[in-house]
């Protein structure tokens, strides 16, 4: 948690009370590989995760049983099912640990209430949300205009070590390609 | 502008000074159909648009000359090239008016500075950004898991009147399908 607080403090002041509140609404936990933190379809989602170490994945399973990966959560990333939290509906996504992971677990409601009591957190979140919006815009544009091979290159730049603990279908389902296409792209890269 | 201020006021208090500042950093303008508000590649992007009436489109042209639509901006939507603004780089996107449009033009820097002077705007923006993140997550998941025909159905629900003033390639390039595929989907729908 100290790491997260230092991160916030690097950009702005934070009172001791505001700092204490962050501790009060959170809990540091370590989960083993394969642990499911949110199950798709569960009736309420009330947790938000900040990754200290490890790798999480958010994904959904469609009506044909096929998985689609929305996000990988590595060190210093936030991850949850924000669709479910924002719309107050059952989980659209599942979240699992791709390797043993240490996270700070926040209660989503209490995290949201933080701004009423401590508006000093607003600039931190604004910056985080703005950066996230920009990266999502970029991802949508990349999906529309780049080839699968170009998207794979970008993916490896963004997540340089991720191939050690992800399976072929994790990455394929993030890029929106079949596993066969991804294998072909990888073979082509080795040849070069 | 009154409409935007009332929108903000429906959720929170706003001082007269904060209201006056919003007027001071903005200008209401009407543009004719076809007007380009941001040109892809222009060195700086310093404008953000709030749509009062009409329809704008943000898109990029790839290295092969093909257009890809990121967003349509209709009544009450914000639109700009946030990638360029956030990264302080030249315009990744172009923004054009698909019909005569009335917008409030904000200076991006002054709009960003509003939070220092008037932190009371923070909750409004946070809510806006959160909703936008959720809609982008949903769009990425839809792109990964739905057929082109299902995505077209959702698009028409989200933008019920948009076909009156958009061309076939505007919608095809938003959905990530060829114009031929979109035409086929439309024919299929008429047959049903």
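Throughout, read-outs are computed from the coordinates displayed, never taken from laboratory work. These numbers were taken from a predicted model, which means no experiment stands behind them. Glycine gets a Cβ as well: all are built from the backbone with ideal geometry, and neighbour counts include every protein chain shown.
Just so you know, the averaged projected area of the alpha carbon convex hull for the protein assembly as shown sits at 20.8 nm². Ascending distances from the residue A:25 label point to its copies in the other chains, with the point 7 Å along the Cα-to-beta-carbon line: 2.6 nm. Within the stretch B:74-132, the percentage of alpha carbon pairs spaced more than 15 angstrom apart rounds to 63%.
If R0 equals 25 Å, the separation of the Cβ atoms of residue B:149 and residue A:168 corresponds to a calculated FRET efficiency of about 0.30.
Working note: Debye formula, equal point scatterers on the alpha-carbon atoms of the stretch A:2-114, no solvent; log10 I(q)/I(0) at q = 0.18, 0.21, 0.22 Å⁻¹ is -0.92, -1.17, -1.24. Taken as Cα centroids, the stretch A:86-151 and the stretch A:158-191 sit 23 Å apart, rounded to the nearest whole angstrom. Once you have the Kirkwood Rh of the stretch B:49-192 from its Cα pairs, apply Stokes-Einstein at 4 °C and 1.567 mPa s and quote D in µm²/s. Answer, rounded: 77 µm²/s.
Enter the angle in degrees (range 0 to 90, nearest 10) between the Cα long axis of helix B:108-117 and the first principal axis of the Cα atoms of chain B, meaning the one along which they spread out most. That works out to roughly 40 degrees. Here the label points at residue B:159 and residue B:32, each 7 Å from Cα along the C-beta direction, are separated by 2.3 nm in the simple model.
Under the criterion of Cα pairs below 8 Å and six or more residues apart, the relative contact order for chain B equals 23 percent. The angle separating the long axis of helix A:148-158 from the principal Cα axis of greatest extent in chain A is about 40 degrees.
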